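Values in this text are rule-based calculations from the coordinates and carry no lab data. Note that the structure is predicted; figures quoted are calculated from it, not measured. Cβ sites come from the backbone with ideal geometry, for glycine too, and all protein chains shown count toward neighbours.
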C-alpha cells in the first residue's frame with residue numbers, strides 16, 4: 001500500500017476540515033444579507049470582494065457566515081474560493097450520476113522504493129455529453145464541468161470539478177493524486193521525477209502507456225466546446241494540492257498535472273489551465 005491506513009485517514013480528515021472551513025469571496029455583485037428565516041429583515045449589504053464562509057445551498061439562497069453571523073444571500077451571487085473555483089452549479093447539473101472507473105483493472109506500480117496502486121480512468125454518467133465549460137484562462141474564477149472522451153478511457157474533467165468533488169470522484173480508499181504522487185510514479189517507472197524532454201524519454205513513456213495503463217487521450221477546452229484536442233498526442237492527468245501552502249493562489253489560472261506526449265516529453269510537475277478538461281486517475 002502506498003500509505004499507511006493512519007495517514008489515509010488523516011488525509012481524509014484534512015479534506016473534510018478544509019471543506020468545512022472554506023472561505024469564499026463575494027464576486028459578481030454586492031449581496032443583500034438576510035436574517036436566517038430569509039423573509040425577515042435585511043441584516044446588511046455585503047460588499048464585493050468580502051470574505052464569507054459558505055455553509056450550504058438552500059433553494060434559491062446560499063447559507064453563509066459573514067462576520068460571525070449566519071444568514072442568506074441569493075444563489076445567483078458568485079462565490080469564489082481561494083483557488084478560484086466558483087460555487088455555481090456544475091456544468092453536469094446537480095449530480096454526477098453513477099461514478100465508476102473505465103474498467104475494474106488496477107495497476108500496481110513498484111520500483112525504486114516506490115509502491116502505488118492506481119485505478120483506471122474515472123467516468124460518470126452525467127459526463128456523457130459533448131458540451132464543456134470550465135471558464136476561460138483570463139477570467140478570475142473557474143467552473144466545474146466534464147465531458148465524454150469516446151476514444152479514450154474515462155471522461156475529461158475541469159480542474160475545479162476535481163478539486164470540488166474529489167471525494168466523490170475518488171471515493172475512499174482511493175484519493176485524487178497530488179503532484180508528489182506523480183513525481184513518485186515517474187521515479188518508479190524509471191524517470192527522475194523532473195520535467196524533461198527528448199533524451200531517454202520514450203522508454204519511460206512506454207512504461208506510462210503499458211505498465212501504468214495511460215493513454216494519449218487529449219483534452220477539452222471551453223473555447224472549442226465540442227472538440228477534443230491532442231488526441232493520440234498528449235496524455236493529461238490532473239493532480240490536486242496536498243496542503244494549503246501548495247494551493248494555487250486566488251485568480252491563478254494554473255493547476256498542476258502529469259503531462260506526457262509526442263515528440264517525447266514527460267512532465268510529472270506539469271501545469272495545465274484550470275478551465276481545461278483532463279483525465280483523472282485515482283491512487284491509493
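How far, in nm, would the chain grow between residue 32 and residue 201 when pulled straight, counting 0.36 nm per residue and subtracting the alpha carbon separation?
Extra length available between residue 32 and residue 201 comes to 55.2 nm.
Separation of the stretch 161-231 and the stretch 43-92 by C-alpha centroid, Å?
33
Normalising by the residue count of the stretch 99-283, find the relative contact order in percent from Cα pairs under 8 Å and 6+ residues apart.
29
Mind ordering 60-73, 179-192 by average Cβ neighbours within 10 Å, highest first?
Top of the packing list down: 179-192, 60-73.
Once you place label points 7 Å from the Cα toward the Cβ at residue 209 and residue 103, how far apart are they in nm?
Here the answer is 1.6 nm between the modelled labels.
Going by C-beta contacts inside 10 Å, put 122, 204, 114 in order with the fewest on the left.
114, 204, 122
Can you compute the modelled spin-label distance between residue 192 and residue 115, with each label point 7 Å from Cα toward Cβ, in nm?
That separation, rounded to one decimal, is 2.9 nm.
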